[in-house]
Every structure is written in structure tokens, then in C-alpha cells.
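Data block below; observations after.
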Amino acid sequence: MTALLEVEDLRVAYGKIEAVKGISFSVEAGQVVTLIGTNGAGKTTTLRTLSGLLKPLAGTVRFEGETLTGTPAHKIVKLGLAHSPEGRHIFPRLTITENLQLGAFLRKDAAGIDKDIQRAYDLFPILGERRGQAAGTLSGGEQQMLAMGRALMSRPKLLMLDEPSMGLSPIMMQKIMHTIRELKSNGTTILLVEQNAQAALSLADCGHVMEIGKIVLSGTGQDLLHDESVRKAYLGED
Amino acid sequence: MHELPQQLANGLILGAMYGLIAIGYTMVYGIVQLINFAHGEIFMVGGFGALTVYLALPGGTALMLALPLMLIGGIATSVLVGVAAERFAYRPLREAPRLAPLITAIGLSIALQQAVWKWYPDAKKARTFPQFKSDAYEFWNMTIQRGDLFVLIAAPLCMLGLGLFVSKTRTGRGMQATAQDPDTAKLMGINTDRIIVMAFAIGAAFAGVAAVAYGLRTGEVQFRMGFILGLKAFTAAVLGGIGNIYGAMLGGVVLGLAEALATGYIEEIPGMTQFGGGSWKDVWAFVLLILVLLLRPQGLLGERVADRA
């Protein structure tokens, strides 16, 4: 059986600086896979390449067996790969509803879209209360909810979340992590990039530790959570 | 000559024309952050496109009947040139430093002027544009030429159409998304290349409409007409808040009114006599721009750029 997403020897460079230096991993349908590591490890670069915003130097990306290399970003969404970018990037001067509608830009089923918008409001009630408000007026945590809700609007087969907990209060972070757990239990396949290794590993089926452009360690979430070197480097223990 | 209603009407006519052209600057800037300095020439070729259609029609065709076809010809010419400029001049430079497309725009502006000068028959001098022969409309102490009525009707219609398109349609919303955050727009499945072409095309179409209005008003088209009008329309776009389509129209009308009022009334201020009249109107237009930029740098309806975090 082939995995939903297969990445093989992926290399990405900004000019002459190689940010991702040949990584391989895969994501099976229904799994939550996480990439952890410090700033500059190449996690965000990896996601931006998978969604087509960056062109890889070398390597292959296969999604449902199909090679994605060279496919423009707007066509990758259509194949079922949604990306909630680092820093949230909601459309600040559009309303919450309009942001969600944009998430469903490629869908034509108006009734289904309305139903999914309602589901986003059920998942994040605060968004429903403020649906007519410009998204730029939301707090950081609320913007993160909107970014996640928007990514789900394309009904993705794989949801990529980049640093969903970044810059959030501990309470808001818990809420976001709880939502990811909920999505997981509904069977959503997720590729999660996080700096908060503890939170990410405790809900992931599988994790990869990245350091300066390479995967240095892989294992199940629980294995990595209890790995001594991971505990020292990423979980703040001596 | 100095009655207020007449000056206001003149200002409004001029302003509507500025506004139509300003839309092109503001839409392109809003989407790709490029000041398309060739837009004045995209306006100019529209005038020649409309003239060409008129000359191709059988002699003696009533202007009223010819006008829709001329309009199509003007719009088509402007759109063709605008879209070609995007495709062949600006798109290859999309990842280049900002200065490169800017210089390209200035070069393209000169090239288009010279191309018309050299290759359009008899374009070395101004060419006569057809005009309505019938009487002007007179009401409320105002005289409005028949030709000017065209822009007073066309500009609001164009604006209304554009406003509805941008706010109500799926493509329009994709356009707003691309303006606010192009990379994220791609992640929504929006083909941003197509949106950019569309922004150029809409701006050019409005310039084509403005060119027909200009021809009807002045009775001529000439290869240099895009320079000063383009500069004024750019001023209008900045005045209204560049990137904002309603700002472009408002900036155009404010600028047009300011020019008309300055032409009519500055010379009546004691000691200012020599600064009044038509020859100083461009100076007053730019004085207004400087004042607005000092007091409100983002323009009348502009938003601060900081929210693009």
C-alpha cells in the first residue's frame, strides 16, 4: 500500500543556501505526523515546498502516488492538500465568513460550502459570533482558528498545519491542540509542524526531528517523547 | 465664465476622466505593487483604437450609432496593449528588484508613444476625433457639451460595475485576496497569474473608456495625450489612497474639482491674480497632492500598510 504523501530526498534552496538538504518521510492516510525542530531547521520550508509555493532543487513529492514536482500551488490545493501557513496569514480586510468562503474557492457546491462554514462555526463558536467582522480585528488565537477553519474548507485529504501554537497564550494553545486532537479522532490526516515539541509529539502517531535541513531522528510520537536526546534538546530537560 | 455651477460641472467632467484612468494605476498597484507608468499610453492607444474604428465606418455614420463600436474598439486596443505589457514586459520581471519593472514601465511608455508617432498614419500631429454637432445642454446656469455627457454617464456605471464585481463575485473576492496576501491566495487555489492579468485588463478597459471621453471632449487625439493625463490620474490614485478603487474615483473627482476651482477663482484672490487661470491649474493640482500627502500620507481612503504582517 502506498502512503498518502511520500517525500523522497527533497532538497530546497534559497539562492545558494540550502535550507532542506535531502529529507525523506511519508504520511499514511489517517495519521498525524509531526516535524519538530528549532528555528531554521527547515520545517516551514518543507511545507511551503509541499504546497507548491517553493520549487525544490531536487527530490520527489508524491501525493496519492502522483508526482507533485512542478505543479503550481493553486493546482495542488485541488488535489486535496491544504496548508495553514506559519503566521496564520488570514485575509485581514475580509470578513471571517469571506475568509472561510475563500478556503472553498475551488468548490462549486454552494450548499455544501454553507454547511462546512456552519461546521467551522461549531468547531470554533467565537468565529460564528464574529462572522461579519474583518478578520484583522481578531486576536492571535482567533486568527489561528480561522486559518485552520479556512484550510479545512477545501475538504483536504491532507491538512498541513505550520506552527499553529506560535505566539499564543497557554490557554489558547491548549484549545488549538485540543482541536487538532478532535480533527485526528475524526480521521483527518495531518502533517503538523511545531516548535512546541511536547504538545506535538504527545498527539502524533509519528514524528521526525529536523536539524539544519536534515531529519536526524524518527520514531513514533511516544518513542520520541521518551527519547533522551529529544528530551534534552527539545523538551528542556537536563 | 466664473459661475460656480459651471466650474463644478467642469471639475466633475475632468475628475470623472481622471478617476477612470486612476483605476488602472490603483488596481495594478494593489495587486503587484507596481506603478505602471505606461498606463497613460495604454489610455492613449485606446483613443487611436476608437478613432480607427470610426474611420473604418462608412462616411456619414451618425456619431450616436458609431459610439458603441468606437467604445469597443478603444477598449479592445487598450486591453490588448495592457495585457501584452503584463505578459511580455512585467511578468518576466516579477521576481526582480522593484526598480527593474519601474524602469521598464517608463521605457514602455516612451516606446508606445514613439510607436504611435511613427506608425499611425498622420499621428505626428494631433488627429481630429469626431464630435457631437448638436447643441449643448443648458440647465441651472450650466452648459454641458453633449460629448461630456458621455463620461458623466460612463464613469459612474463603470465604477458601479467594478464595485459589484469585486465585492460580489467569486473572482472579485479572489482578486481582493490576491491583493492582501498573494502567497496565501495561491494556497486557496486561486490562480494569481490570472488575477494579475485581469487587473491589468480591467484597468486598461477603463482607460479605453476614458480615451473615448477625452476624444469627444477635446475633439482630437495625439500621441502625447497620455503623458500629462496619466500623471494627473496617477496623482488622483495617490490622492485617494493607492490600492483602493473607490479612492481612485474620489481622488479623480477631488483633483478635477480642485483644478476647475483654481482655474476659476484663484485670480480673484487679491495678490494672486497672476497664479489664476488655466495655465496654473497643473501647479494647483500638485500643490493639493503635496498637501494631502503631508497631512494624510496614506491618501484620502487609503489604509495603512502595517496590517500586512
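The values are calculated or read from the model by the stated rules, or taken from the named source; none is laboratory data. Predicted model, so just to flag it, every value in this text is computed and none were measured. With ideal geometry, Cβ positions are generated from the backbone for all residues, glycine too; neighbour counts draw on all protein chains shown.
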> Which residue pairs have Cβ atoms closer than 8 Å, lie 6 or more positions apart in sequence or on different chains, and pair a first residue in region A:141-158 that is part of a strand (DSSP E or B) with a second residue that is β-branched (Val, Ile, Thr)?
Replying inline: A:Leu158/A:Val27; A:Leu158/A:Thr189; A:Leu158/A:Ile190
> Mind checking which residues of region B:167-188 are without any contact (Cβ under 8 Å) to a residue 12 or more places away in the chain and surrounded by 19 or more Cβ atoms within 10 Å (Cβ to Cβ)?
Replying inline: B:Arg173, B:Gln176, B:Thr184, B:Ala185, B:Lys186, B:Leu187
>> Which numbered condition in (1) more than 23 Å from the chain's Cα centre (by Cα); (2) within 8 Å of another protein chain (Cβ to nearest Cβ); (3) of a type outside the set (Asp, Glu); (4) closer than 21 Å to B:Met249 by Cα is the only one that B:Lys168 fails?
In response: (2)
>> For region B:247-286, give me each residue that is over 20 Å from the mean Cα position of the chain (by Cα), closer than 30 Å to B:Leu160 by Cα and surrounded by fewer than 18 Cβ atoms within 10 Å (Cβ to Cβ).
In response: B:Leu261
>> Go through region A:121-151 and report how many residues are polar (S, T, N, Q), within 25 Å of A:Val193 (Cα to Cα) and within 12 Å of another protein chain (Cβ to nearest Cβ).
In response: 1
>> Quick check on my filter: what residues within region B:1-45 are surrounded by fewer than 24 Cβ atoms within 10 Å (Cβ to Cβ) and aromatic (Phe, Trp, Tyr)?
In response: B:Tyr29, B:Phe37
> Residues of region B:287-307 being modelled with pLDDT under 80 and either within 23 Å of B:Val253 (Cβ to Cβ) or surrounded by 13 or more Cβ atoms within 10 Å (Cβ to Cβ) (or both), which ones?
Replying inline: B:Glu303
> Within region B:155-166, is even one residue in contact with a Lys or Arg (Cβ under 9 Å, 6 or more places away or on another chain), free of Cβ contacts under 8 Å to residues at least 40 places away in the same chain and within 30 Å of A:Ile96 (Cβ to Cβ)?
Replying inline: no
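To keep it simple, each residue is scored yes or no on (1) of a type outside the set (D, E, K, R); (2) free of Cβ contacts under 8 Å to residues at least 40 places away in the same chain; (3) loosely packed, with under 15 Cβ neighbours inside 10 Å.
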position	(1), (2), (3)
A:Lys175	no, yes, no
A:Ile180	yes, no, no
A:Val193	yes, no, no
A:Asn196	yes, yes, no
A:Ala199	yes, yes, no
A:Leu203	yes, no, no
A:Val209	yes, no, no
A:Ile215	yes, no, no
A:Gly221	yes, no, no
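Conditions (1) aromatic (Phe, Trp, Tyr); (2) in a helix (DSSP H, G or I); (3) within 11 Å of another protein chain (Cβ to nearest Cβ), marked per residue:
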{"position": "B:Leu162", "(1), (2), (3)": "no, yes, no"}
{"position": "B:Arg173", "(1), (2), (3)": "no, yes, yes"}
{"position": "B:Gly189", "(1), (2), (3)": "no, no, yes"}
{"position": "B:Phe200", "(1), (2), (3)": "yes, yes, no"}
{"position": "B:Phe223", "(1), (2), (3)": "yes, no, no"}
>> I'm told B:Arg224 meets every condition in (1) among the charged types (D, E, K, R); (2) in contact with a His (Cβ under 8 Å, 6 or more places away or on another chain); (3) modelled with pLDDT of 90 or more except one. Can you identify the failing condition by its number?
In response: (2)
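Filter region B:32-54 down to the residues that are assigned to a helix (DSSP H, G or I) and at pLDDT below 95 and list them by number. Step through it out loud before you land on a result.
Here is the first cut: in region B:32-54, the residues assigned to a helix (DSSP H, G or I) are B:32, B:39-54.
The answer is B:Val32, and nothing else.
How many residues does region A:99-120 contain that are part of a helix (DSSP H, G or I) and under 14 Å from A:Leu152 (Cα atoms)?
14
Output yes when any residue across region B:129-136 is of a type in the set (Gly, Ala, Ser) and in contact (Cβ under 8 Å) with a residue 40 or more places away in the chain, and no when none is.
Checking region B:129-136: not a single residue is of a type in the set (Gly, Ala, Ser) and in contact (Cβ under 8 Å) with a residue 40 or more places away in the chain.
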> If we keep just the residues of region A:159-174 that are over 19 Å from A:Ala204 (Cα atoms) and in a helix (DSSP H, G or I), which is nearest to the other protein chains (Cβ to nearest Cβ)?
Replying inline: A:Met172
> So which residues in region A:88-100 are at pLDDT 95 or above, out of contact with any strand residue (DSSP E or B) (no Cβ under 7 Å at 6 or more places or on another chain) and more than 7 Å from chain B (Cβ to nearest Cβ), if there are any at all?
Replying inline: A:Ile90, A:Ile96, A:Thr97, A:Asn99, A:Leu100
> If a residue has to be touching a helix residue (DSSP H, G or I) at 6+ places or on another chain (Cβ under 6 Å) and of a type outside the set (A, V, I, L, M, F, W, C) to count, how many in region B:175-206 make the cut?
Replying inline: 7
> Out of all the residues in region A:63-82, is one or more within 9 Å of chain B (Cβ to nearest Cβ), in a strand (DSSP E or B) and of a type outside the set (S, T, N, Q)?
Replying inline: yes
>> For region A:57-72, give me each residue that is acidic (Asp, Glu) and surrounded by 16 or more Cβ atoms within 10 Å (Cβ to Cβ).
In response: A:Glu64
>> For region B:213-226, check the following and say yes or no: at least one residue is of a type in the set (A, V, I, L, M), under 10 Å from the mean Cα position of the chain (by Cα) and farther than 15 Å from B:Asn36 by Cβ.
In response: no
> If you scan region A:72-87, which residues turn out to be touching a strand residue (DSSP E or B) at 6+ places or on another chain (Cβ under 9 Å) and of a type outside the set (A, V, I, L, M)?
Replying inline: A:Gly80, A:His83, A:Ser84, A:Pro85, A:Glu86, A:Gly87
> Hey, among B:Ala155, B:Ala179, which residue is within 14 Å of chain A (Cβ to nearest Cβ), hydrophobic (A, V, I, L, M, F, W, C) and part of a helix (DSSP H, G or I)?
Replying inline: B:Ala179
>> Consider region A:156-186. How many of its residues are under 14 Å from the mean Cα position of the chain (by Cα) and under 21 Å from A:Gly30 (Cβ atoms)?
In response: 15
> Could you say which residue among A:Leu54, A:Leu47 is crowded, with 21+ Cβ neighbours inside 10 Å and either part of a helix (DSSP H, G or I) or within 14 Å of chain B (Cβ to nearest Cβ) (or both)?
Replying inline: A:Leu47
